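The values are calculated or read from the model by the stated rules, or taken from the named source; none is laboratory data. Since the structure is predicted, the reported quantities are computational estimates derived from the model, not experimental observations. With ideal geometry, Cβ positions are generated from the backbone for all residues, glycine too; neighbour counts draw on all protein chains shown.
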Amino acid sequence: MGSAPMQTRRWTRLEYERLVEAGFFGPGERLELLGGELVVAEPHGTRHAVVTTLVSDVLRRSLGPAWHVRIQAPIALDEESEPEPDVAVVPGGPREYLAAHPRRPALVVEVAESSLAFDRGERASLYARAAVDDYWLVNLVEEVVEVHRRPRPDPSAPYGWHYGSIACARRGDLVAPVASPDSVVSVADLLP
């Protein structure tokens, strides 16, 4: 007798939001909807927490009031994804998002140590699929900032997309968001 293939149920972003609003998940339960699947978010260590704060502080100072810098808050990426990136930069102010989560981040930043492979692979592919033009990966393993740009289709990527340009910025280098090229920041300020 053969075994039946395992079946899974995919979720839409609207279904996920209804579950959250209904209190279906327990307090402190950290989940993200990625490509229709509920993913348990990894706990953050002290280095991760410190660097996330450093990145958000540096971007707030650099970008100014025209941009809202969010920390670990949901982004309505597409119909089946609502990730909570470590840092996301969106236009406008926080009150502009009272009715719904932002849909089009200008910049997404993930801080990675134990999640490095996932953030380089699945997360990068998901952000590329959603046409996020600027994805920075603060790589705590190698202490560099990987700047991912130019999303393009790639059938071999986890979500069918990848970034056509990936540059590695080190201490002493400067980086600026695509959406605000005059807002130059030092890579050293983004690292521990």
Determine whether residue 42 is more than 29 Å from residue 149 (Cβ to Cβ) and in contact (Cβ under 8 Å) with a residue 24 or more places away in the chain. no
Can you pull out every residue in segment 107-154 that is of a type in the set (Asp, Glu), part of a loop (DSSP other than H, G, I, E, B) and either out of contact with any Pro (no Cβ under 8 Å at 6 or more places or on another chain) or under 15 Å from residue 56 (Cα atoms) (or both)? 113, 142, 154
Name the one entry in 40, 55 that is of a type outside the set (Lys, Arg), more than 12 Å from the chain's Cα centre (by Cα) and over 20 Å from residue 132 (Cβ atoms). 40
If I ask for residues that are more than 15 Å from the chain's Cα centre (by Cα) and either surrounded by 14 or more Cβ atoms within 10 Å (Cβ to Cβ) or modelled with pLDDT of 85 or more (or both), which ones from segment 22-37 would you list? 22, 23, 24, 25, 36, 37
Residue count for segment 70-93, restricted to those that are closer than 26 Å to residue 43 by Cβ and outside any loop (DSSP other than H, G, I, E, B): 8
Could you tell me whether residue 104 is exposed (fewer than 15 other Cβ atoms within 10 Å of the Cβ), of a type in the set (D, E, K, R), outside any loop (DSSP other than H, G, I, E, B) and out of contact with any strand residue (DSSP E or B) (no Cβ under 6 Å at 6 or more places or on another chain)? no
Among the residues listed as 163, 135, the single one being out of contact with any Leu (no Cβ under 9 Å at 6 or more places or on another chain), surrounded by 19 or more Cβ atoms within 10 Å (Cβ to Cβ) and among the aromatic types (Phe, Trp, Tyr): 163
So if I check each of 129, 120, 70, which one is at pLDDT 95 or above, closer than 20 Å to residue 38 by Cα, basic (Lys, Arg) and touching a strand residue (DSSP E or B) at 6+ places or on another chain (Cβ under 6 Å)? 129
I'm trying to understand the selection: among the residues of segment 45-69, which are in a strand (DSSP E or B) and without any contact (Cβ under 8 Å) to a residue 24 or more places away in the chain? 69
